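Take a look at the following structure, please.
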C-alpha cells in the first residue's frame, strides 16, 4: 500500500563545480565515458531494500529519461561496497498463533541468504553461492515463490566481482528488473579513478589539514561520523582485505595503496564516497536520511578544497504491506502501570495507604541525616512496602503479565505498519504503481523547470 512519496528536484541545473580536483573530475568522467552526458546518480548499500530506498533508483532512471529530451542523459547506480552492512540477512513478518490456530501477533522472522560480513567491507567479500531458505508456514503471505526467486537471482549473479555487486543485482532483479541494464559503479572502483587517486594524494600530502577540516565539519554532529584523532596519521578511509575486518586507514596505508593500487584495499568513508560521486555526477538523488551527513560533508569539502558538491535531489516513498489487523486479545486488569505498582504497591490499597506512605516519607525528610531515628524510620518504610508487595503478589504478577502482553501487541502493530520491510515482500503491482507515480512526479517537476 502506497501512503506517500516525496520528490524534490533542484530548482535549476547546477553549473559545474570548480575546485582543486576539477582536472581529476574531468579525467574521471572521460575515462567512464561520461564527458558529454548528463549523469543522474544515486546509490546505496547492497541489500534487499525497502521501497523508500528503491524509490531513489526508480527516480534516477525516470529523471534521466525525462532529461534526455533536452540533452544526452543517463542514470548511473552506485554500489556502496565500502560499507560492512549485513545485506545478506533478510526479514519478513510472521504470525504467532494461539493454541487453537488463530493468528494473534506478528514477529520478525530472519534468514540468511549470504555470509555475515563480520566487519569486512562487502567489496572485500567474494560473491557467494546461493543459499536455500526454508519457507515459513506462518509468514504473512505464501513465501515459497519469493524465496525461490531470491535463490535464483543470487545464483544468476554468483560470478559477480563481490558480494556487494551480487546482492545489488539480485535486489534489482527481484523488484525492478526494468532497471537491470542501468550502468553501475562501485565506490571501490571509484577509488581507482583519477579523482580517487587525487583525493588520496591530497590527504597524505597534508593529513593535518584534512583532519582539521574533518573535525570542524563534525563539530556538534559526531553521530554522523567519528572525529579523527589529531595525530597527523589517521585518515577518513577504510583499509579492508578479504581476510580482515575493515579498519580506519593510516597515512602509511594510503601511501602503500598509491604505490600498489591494490583493488579494494583502500575504501572511502561515507562522506568521502558521497562527495566524490556528487562531484562526478551532474545530479544526485538522496533519501531523507542523508541531509544531516551531507550538510556535514558540505562543510568538510568547503574547508578542505574550497567548494562543496552541487545541490542534491531528495526522493523517498512510504509503503506498508497489506497485513490484516488482528482483533486485540489484550484486556488489562488494572489501569495502574505495572512498574509503578511494584514501586508503589500502596496504590493498590487505596488513597489512605498512599497518604500514609507520603506522610512517612515527608517525616523522614525532616529527620537528621545519618541519625538512628532516620535510619529506623526508613527501615520501617521499607518493611511496609515489602509487606504490601507480599499482600498483592498475585495482582502484581498479573499486572506484569498484562504489561508484557501490551508490549507484545504494540510491537506486533509496529511491525504491521512498518515502512522498512523489503520491497521484495510487496506485490509487483504495488511496486509498478510506485514506479508510475514517481515517474509522473519527476516528469511534472522537469516540466516546471523547463
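Among (1) surrounded by fewer than 22 Cβ atoms within 10 Å (Cβ to Cβ); (2) more than 23 Å from residue 294 (Cα to Cα); (3) modelled with pLDDT of 95 or more, which single condition is residue 45 missing?
Among (1) surrounded by fewer than 22 Cβ atoms within 10 Å (Cβ to Cβ); (2) more than 23 Å from residue 294 (Cα to Cα); (3) modelled with pLDDT of 95 or more, the lone unmet condition for residue 45 is (2).
Against the definition (out of contact with any strand residue (DSSP E or B) (no Cβ under 8 Å at 6 or more places or on another chain), assigned by TED's automatic domain parsing to the domain that holds residue 41 and more than 24 Å from residue 29 (Cα to Cα)), how does residue 170 come out, yes or no?
Yes, satisfied.
Taking the stated definitions as given, is residue 213 assigned to a helix (DSSP H, G or I) and either over 22 Å from the mean Cα position of the chain (by Cα) or without any contact (Cβ under 8 Å) to a residue 60 or more places away in the chain (or both)?
For residue 213, the condition - assigned to a helix (DSSP H, G or I) and either over 22 Å from the mean Cα position of the chain (by Cα) or without any contact (Cβ under 8 Å) to a residue 60 or more places away in the chain (or both) - is met.
With the requirement that a residue be surrounded by 20 or more Cβ atoms within 10 Å (Cβ to Cβ) and without any contact (Cβ under 8 Å) to a residue 40 or more places away in the chain, what does the stretch 138-156 give you?
Answer for the stretch 138-156, where residues must be surrounded by 20 or more Cβ atoms within 10 Å (Cβ to Cβ) and without any contact (Cβ under 8 Å) to a residue 40 or more places away in the chain: 147, 153.
Another one. I'd like to know if the stretch 267-289 contains one or more residues that are in the same structural domain as residue 51 (by TED's automatic domain parsing), closer than 30 Å to residue 37 by Cβ, surrounded by fewer than 17 Cβ atoms within 10 Å (Cβ to Cβ) and modelled with pLDDT under 95.
Looking for residues that are in the same structural domain as residue 51 (by TED's automatic domain parsing), closer than 30 Å to residue 37 by Cβ, surrounded by fewer than 17 Cβ atoms within 10 Å (Cβ to Cβ) and modelled with pLDDT under 95, one finds at least one in the stretch 267-289, hence yes.
Residue by residue, here is whether (1) outside the structural domain of residue 2 (by TED's automatic domain parsing); (2) without any contact (Cβ under 8 Å) to a residue 12 or more places away in the chain; (3) surrounded by 15 or more Cβ atoms within 10 Å (Cβ to Cβ) holds:
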{"site": "377", "(1), (2), (3)": "yes, no, yes"}
{"site": "392", "(1), (2), (3)": "yes, no, yes"}
{"site": "431", "(1), (2), (3)": "no, no, yes"}
{"site": "448", "(1), (2), (3)": "no, yes, no"}
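Given the structure, is residue 443 within 30 Å of residue 51 (Cα to Cα), touching a residue at least 60 places away in the same chain (Cβ under 8 Å) and not assigned by TED's automatic domain parsing to the domain that holds residue 154?
no
Within the stretch 361-372, is there a residue that is surrounded by 14 or more Cβ atoms within 10 Å (Cβ to Cβ) and farther than 30 Å from residue 19 by Cβ?
yes
What is the residue count in the stretch 33-64 for residues that are part of a helix (DSSP H, G or I) and touching a residue at least 40 places away in the same chain (Cβ under 8 Å)?
Going through the stretch 33-64 one residue at a time, the tally reaches 13.
Find the strands (runs of 3 or more DSSP E) located wholly in the stretch 70-164 whose residues include 2 or more that are over 24 Å from residue 54 (Cα atoms) and in the same structural domain as residue 57 (by TED's automatic domain parsing), and list them.
Output list reads 89-97, 103-112.
Still on this model: With the structure loaded, tell me whether residue 208 is touching a helix residue (DSSP H, G or I) at 6+ places or on another chain (Cβ under 6 Å), in a helix (DSSP H, G or I) and surrounded by fewer than 16 Cβ atoms within 10 Å (Cβ to Cβ) or whether it fails that test.
In short, no.
The values are calculated or read from the model by the stated rules, or taken from the named source; none is laboratory data. What you see is a predicted model, and the numbers here were worked out from it, not measured in a lab. Please note: Cβ atoms are built from the backbone with ideal geometry, for glycine as well, and neighbour counts cover all protein chains shown.
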